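*Asks:* Sending over a structure as structure tokens; questions will come in a sec.
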Amino acid sequence: MKKRFMYLLFLIFITSNLFANNRLDIKDVIANSKSITKAGYINAHDVLIDNLINVEYDTTGKYISYDDTYIKILDETGKNDNRILNFRYSKSYGMYDIKLIEIIKPDGHIKTVDVKANMDDQVEPSQASINIYDPNWRKITVQIPDLEIGDILHYYVIYNNKKARIEGEFSDFQFGQYTAPIAHMKCILKAPKSNPLKMFEIIDPVKGHYIKNVEEKNGKIIYTFEVDNAPQIISEPSMPALRRVAMRMLVSTLDDWRYVSRWYYNLTENHMDINWEIIAKSNELVKDKKTEMDTIEAIFYFVSRNIRYMGVTTETDRPGLEPHDVSYTFSTRTGVCRDKAALIVAMLRSVGVDANIVLIMVGPKLDKDVPMTFFNHAIAGAKLENGKDILMDPTDETSSVLFPAYEANMSYLIASSEGDTLKTSPPVSPDINKVEVKTNIDYKDGKFYCISDIDFYGLNNNAYRGYFLRLNKNRIEEFLKRILKEIAGDISLKSYEISPEDLLSSKENLRIKIEYMINDPIIGEDEYKMFNLPELSKTFGVYNWALGNVNLSKRKYPLKTLYTASVNENINLNYINGVKKLNVELMPDILNIDKDGYIFMADYKTIGNRITFSKYAALNKLEYSPCEYDNLKKYLRLVENYNKKYIIIKE
């Protein structure tokens, strides 16, 4: 009995020392927090007082992480922001263990949060929006009651990773800068000598706030990244992701991106075996196609529109990355991104097209110098006979393009038996995502009688087509009336026509024909009259919201747009007033801007009793530097003033 008691004491001693090595000294943290005040951090809502992260991985790539964090609450926003802690994870790969959450009051009193009573571990709810259900995708939320301004929030969390994405390999990412100031942070990474890091990089845009060290100790290689007084990142609207602008640590045991490419190729190839039904369908789809692109498009549209995007997770090897067998996807007519991509690749190969699955990171670009496995989406790629690579994303069932504009400027990696390098998806021409408006107006009896044809291309076609598919006839009419009200107050919709009739199956681009009347477009009751032409391109098209918020007078970080886009509009106004001749006293001048990734060209003309107006506007960049942003603001002001000008006629 005595030996058993001594053994238990020994275990307790060992365990307590193990945890102690991964914990901060609470007395030191409280002492350091005294100098952290709202007056000293006027732009901050909370401050990371200290954070100790200990990570140790083994030769299989599995790892365990200990995270000891102290945050001081400075104001009401900081209190609200920290009232709920969120931890997301995949049960297929690991599990969180929340050891401790406590609130340290200004007088030193410590209130322990009952984790079990305030915790909810649920299936990740965001899956529903993308038709996926994987019970292993989890979200832990912990309510933090009684948190007040001046308190210190302390939590200690262990994450135990039970499976590496790539067997025997480890990669990780750690911020050294955030939207809250970091007074101190230390990340210690322990590696086996037989599997050291091949990459240990610090990207440091702020300079001079970190130290980096490598040493051998007790048979391990110890990598240290320590941060002192890292300045707060003040968020700006439509800025690049923090991952692209913050100080950050990147580590990896991977040799290069080619290794990742070969690994994913080998993982997916086991699911590419096709049966006679797939071969027969592929041949049927392409039998009358004359060009290579016709062949590719025929198979792409079959998969994108006939395989429903719905997830059923049965993968056993690498969940979230491993596709189902293509025969299963074909027979069930369901699958998620990797399943649809694998089926397209298999069908294309069966008709002689060189195709492979592609990993893509939908979000911030990955750092090219450090190979990792942080991809979140799978698409398809094909190499044309001329050597050009094309990308295809069949996820959207209503898509009329092979590759959506919103996935431009993102990191992708082609799965290849030889291995490939990390690349960036190219931006598409703004005219791929164009809205084209042609309007004919008869001006008679003081009213505008208008007929407009609106054609939607690319992303516009996808967005508006998908939206109309969800609406009944009455709601579509309400939508069009609301849009028309934005160009004139007293306006009435007479009729509309949407084509093609089958919005889901047809490859024809979306077109809307609208007939409407503006009842009181004229300003002035004497012989001089003023009016504006109704520009529907101001209300239709993703071009109008692509820039997002441009209210900042100056920017520190680039302005990031999600896509390139354009609008092209032509208006003919016919002056019908008996035998009277149209007498134009004044019209806006020509405006022509084509600089810094922004184009705006507009021109008014008179031809007999007709006024014509043409406009072309385009955003052809996905990122505008702070200097380019300054110029962009000037151009937008010029356009705003131009749009305020009237046509003046004399009757």
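The values are calculated or read from the model by the stated rules, or taken from the named source; none is laboratory data. Here the structure is a predicted model, which means the values were calculated and not measured. All Cβ positions, even for glycine, are placed from backbone atoms using ideal geometry, and neighbour counts span all protein chains on display. Ligands, DNA and RNA are stripped out before the accessible areas are found, and what is left, the full protein with its side chains, is counted by its heavy atoms. Shrake-Rupley method; radii C 1.70, N 1.55, O 1.52, S 1.80 Å.
*Asks:* Hey, any hits in region 406-419 for a residue that's under 24 Å from P240 (Cα atoms), in contact with a helix residue (DSSP H, G or I) (Cβ under 7 Å, 6 or more places away or on another chain) and at pLDDT 90 or above?
*Replies:* Checked against the condition, which is being under 24 Å from P240 (Cα atoms), in contact with a helix residue (DSSP H, G or I) (Cβ under 7 Å, 6 or more places away or on another chain) and at pLDDT 90 or above, region 406-419 yields at least one hit.
*Asks:* Name the strands (runs of 3 or more DSSP E) wholly within region 349-416 that hold at least 2 residues that are within 13 Å of Y264 (Cβ to Cβ) and open to solvent by less than 40 Å² (accessible area, probe 1.4 Å)?
*Replies:* Correct list: 354-360, 377-383, 411-414.
*Asks:* Within region 245-276, count every residue that is under 26 Å from I42 (Cβ atoms) and either small (G, A, S) or open to solvent by 50 Å² or more (accessible area, probe 1.4 Å) (or both).
*Replies:* Going through region 245-276 one residue at a time, the tally reaches 1.
*Asks:* Step by step: first the residues of region 568-608, then only those that are in contact (Cβ under 8 Å) with a residue 40 or more places away in the chain and not in a strand (DSSP E or B), then the one that is most open to solvent (accessible area, probe 1.4 Å). Which residue is that?
*Replies:* Among residues in region 568-608 that are in contact (Cβ under 8 Å) with a residue 40 or more places away in the chain and not in a strand (DSSP E or B), the one most open to solvent (accessible area, probe 1.4 Å) is K580.
*Asks:* Report whether or not T316 is open to solvent by 10 Å² or more (accessible area, probe 1.4 Å), under 30 Å from F173 (Cβ atoms) and either in a loop (DSSP other than H, G, I, E, B) or at pLDDT 90 or above (or both).
*Replies:* For T316, the condition - open to solvent by 10 Å² or more (accessible area, probe 1.4 Å), under 30 Å from F173 (Cβ atoms) and either in a loop (DSSP other than H, G, I, E, B) or at pLDDT 90 or above (or both) - is met.
*Asks:* Okay, next question. Mind checking which pairs have a first residue in region 353-365 that is over 13 Å from F300 (Cα atoms) and among the basic types (K, R) and a second that is in a strand (DSSP E or B) and open to solvent by less than 20 Å² (accessible area, probe 1.4 Å), Cβ under 9 Å, 6 or more apart or different chains?
*Replies:* K365/S411
*Asks:* Another question, then. Within region 451-467, can you find the residues that are hydrophobic (A, V, I, L, M, F, W, C) and buried (at least 17 other Cβ atoms within 10 Å of the Cβ)?
*Replies:* I454, F456, L459, A463
*Asks:* Which members of region 487-512 meet the condition of being of a type outside the set (G, A, S), part of a loop (DSSP other than H, G, I, E, B) and under 29 Å from the mean Cα position of the chain (by Cα)?
*Replies:* Once the filter is applied, which keeps residues that are of a type outside the set (G, A, S), part of a loop (DSSP other than H, G, I, E, B) and under 29 Å from the mean Cα position of the chain (by Cα), region 487-512 yields L503, L504, K507, E508, N509, L510.
*Asks:* For region 117-154, how many residues are at pLDDT below 95, open to solvent by 20 Å² or more (accessible area, probe 1.4 Å) and assigned to a helix (DSSP H, G or I)?
*Replies:* Looking only at that region, the number is 5.
*Asks:* Tell me, which residue of region 215-244 that is of a type in the set (S, T, Y) and over 21 Å from K62 (Cα atoms) is surrounded by the most Cβ atoms within 10 Å (Cβ to Cβ)?
*Replies:* Per the stated criteria, the residue is S238.
*Asks:* Go through the residues of region 545-565 one by one and say whether even a single one is within 30 Å of N631 (Cα to Cα) and part of a helix (DSSP H, G or I).
*Replies:* yes
*Asks:* Which ones in region 194-214 are surrounded by fewer than 17 Cβ atoms within 10 Å (Cβ to Cβ), farther than 16 Å from A246 by Cβ and in contact (Cβ under 8 Å) with a residue 40 or more places away in the chain?
*Replies:* Matches in region 194-214: S194, P196, K198.
*Asks:* I've got another one for you. Considering only region 184-191, I want to know if a residue exists there that is of a type in the set (K, R), open to solvent by 40 Å² or more (accessible area, probe 1.4 Å) and either without any contact (Cβ under 8 Å) to a residue 60 or more places away in the chain or outside any strand (DSSP E or B) (or both).
*Replies:* The answer is no; no qualifying residue exists.
*Asks:* Cβ-Cβ under 7 Å, sequence separation 6+ or interchain: first residue in region 69-97 and closer than 14 Å to D46 by Cα and open to solvent by less than 60 Å² (accessible area, probe 1.4 Å), partner of a type in the set (D, E, K, R) and not in a loop (DSSP other than H, G, I, E, B). Which pairs?
*Replies:* That search, which allows pairs on different chains as well, returns Y70/D50; I71/D46; K72/D46; I73/D46; I73/K79; L74/D46; G78/D46; N82/D46.
*Asks:* Can you work out which of the residues in region 518-536 that are surrounded by 12 or more Cβ atoms within 10 Å (Cβ to Cβ) and either under 40 Å from the mean Cα position of the chain (by Cα) or without any contact (Cβ under 8 Å) to a residue 24 or more places away in the chain (or both) is nearest to F300 (Cα to Cα)?
*Replies:* By that ranking, first place goes to L536.
*Asks:* Could you list, in sequence order, all residues of region 612-637 that are of a type outside the set (D, E) and either out of contact with any strand residue (DSSP E or B) (no Cβ under 9 Å at 6 or more places or on another chain) or over 22 Å from V435 (Cβ atoms) (or both)?
*Replies:* Those that are of a type outside the set (D, E) and either out of contact with any strand residue (DSSP E or B) (no Cβ under 9 Å at 6 or more places or on another chain) or over 22 Å from V435 (Cβ atoms) (or both): S625, P626, C627, Y629, N631, K633, K634, R637.
*Asks:* Here's a follow-up. Any idea how many residues of region 611-629 are under 15 Å from N551 (Cα atoms) and open to solvent by less than 30 Å² (accessible area, probe 1.4 Å)?
*Replies:* 2
*Asks:* Do we find that S429 is at pLDDT below 95, within 25 Å of I357 (Cα to Cα) and open to solvent by 30 Å² or more (accessible area, probe 1.4 Å) in this structure?
*Replies:* For S429, the condition - at pLDDT below 95, within 25 Å of I357 (Cα to Cα) and open to solvent by 30 Å² or more (accessible area, probe 1.4 Å) - is met.
*Asks:* If you check K481, K434, K438, which single one turns out to be more than 19 Å from K340 (Cα to Cα), open to solvent by less than 60 Å² (accessible area, probe 1.4 Å) and touching a strand residue (DSSP E or B) at 6+ places or on another chain (Cβ under 6 Å)?
*Replies:* K434
*Asks:* Considering only residues that are under 23 Å from the mean Cα position of the chain (by Cα) and either more than 30 Å from T424 (Cα to Cα) or of a type in the set (A, V, I, L, M, F, W, C) (or both), which ones fall in region 598-631?
*Replies:* Hits for region 598-631 are A618, L619, L622.
*Asks:* Look through E486, E497 and report the one residue that is without any contact (Cβ under 8 Å) to a residue 40 or more places away in the chain, open to solvent by 80 Å² or more (accessible area, probe 1.4 Å) and more than 30 Å from I390 (Cβ to Cβ).
*Replies:* Sole residue among the options that is without any contact (Cβ under 8 Å) to a residue 40 or more places away in the chain, open to solvent by 80 Å² or more (accessible area, probe 1.4 Å) and more than 30 Å from I390 (Cβ to Cβ): E497.
*Asks:* Please specify each residue of region 544-567 satisfying the condition of being crowded, with 19+ Cβ neighbours inside 10 Å and under 25 Å from F531 (Cα atoms).
*Replies:* Within region 544-567, V567 is the sole residue that qualifies.
*Asks:* State yes or no: is V157 touching a Gly at 6+ places or on another chain (Cβ under 8 Å), open to solvent by less than 50 Å² (accessible area, probe 1.4 Å) and β-branched (V, I, T)?
*Replies:* no
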